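The values are calculated or read from the model by the stated rules, or taken from the named source; none is laboratory data. Computed from a predicted model, the values in this text were never measured in an experiment. Glycine also receives a Cβ, built like all others from the backbone with ideal geometry; neighbour counts cover every protein chain displayed.
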Amino acid sequence: MPLTPPLISALTAGILIVMQMALALTVALARRRNRQSLGDGGNKDVLQAARRHGNLAENAALFIAGFTLMELLGGDRVELEILCAVFVLARVSHAVGLSLQNTVNPFRIIGITATIAVGIALGLSLVRIGLT
């Protein structure tokens, strides 16, 4: 099988990198507004911005690695496209949920639930590919 470039994974990675930089900017701006150089200083706005940024950072790299492996190893293209799209939407939903005053809300719940579902599906697909 000829090796094709992982275009779906590259597109997904590009979107997630832009999201990550946008969230990093919100942390920098919150720190500047609150005159907080490091950490959150006990400030709720800075903490909230840092958690939005950190939560995406905690998840994105692992998923991009998995998506790329799935694509390079010839996984089902439609399945990969769906997993990537749902993951990006889940991360957007989660960031929106963490932006709201009440952080226990449908956006956050949908975001984490969809992220876990994609993670399980991706992991099982990679195991299946690895065993065949």
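Here the condition is being within 25 Å of Pro5 (Cα to Cα) and not basic (Lys, Arg); of Val46, Val78, Val92, it holds for Val78 alone. Can you confirm whether the range 105-114 contains a residue that is hydrophobic (A, V, I, L, M, F, W, C), under 26 Å from Leu7 (Cα atoms), at pLDDT 95 or above and part of a helix (DSSP H, G or I)? The answer is yes, given that some residue of the range 105-114 is hydrophobic (A, V, I, L, M, F, W, C), under 26 Å from Leu7 (Cα atoms), at pLDDT 95 or above and part of a helix (DSSP H, G or I).
For Glu81, the conditions (1) more than 15 Å from Ser9 (Cα to Cα); (2) of a type outside the set (Phe, Trp, Tyr); (3) in contact (Cβ under 8 Å) with a residue 60 or more places away in the chain all hold with the exception of (1). Every residue in the range 18-36 that is in contact (Cβ under 8 Å) with a residue 12 or more places away in the chain and of a type in the set (Val, Ile, Thr), please. Residues satisfying the conditions are Thr26, Val27. Among the numbered conditions (1) over 13 Å from the mean Cα position of the chain (by Cα); (2) surrounded by fewer than 16 Cβ atoms within 10 Å (Cβ to Cβ); (3) among the hydrophobic types (A, V, I, L, M, F, W, C), the only one that Ala85 does not meet is (1).
Residues being free of Cβ contacts under 8 Å to residues at least 24 places away in the same chain and either assigned to a helix (DSSP H, G or I) or touching an Asp or Glu at 6+ places or on another chain (Cβ under 8 Å) (or both): count how many of those fall in the range 37-61. Qualifying residue count for the region: 8. All conditions in (1) in contact with a helix residue (DSSP H, G or I) (Cβ under 7 Å, 6 or more places away or on another chain); (2) over 30 Å from Leu3 (Cα atoms) hold for Arg32, with the sole exception of (1). Just so you know, in the range 29-63 the residues that are loosely packed, with under 13 Cβ neighbours inside 10 Å and hydrophobic (A, V, I, L, M, F, W, C) include one that is farthest from Val88 (Cα to Cα), and it is Leu38.
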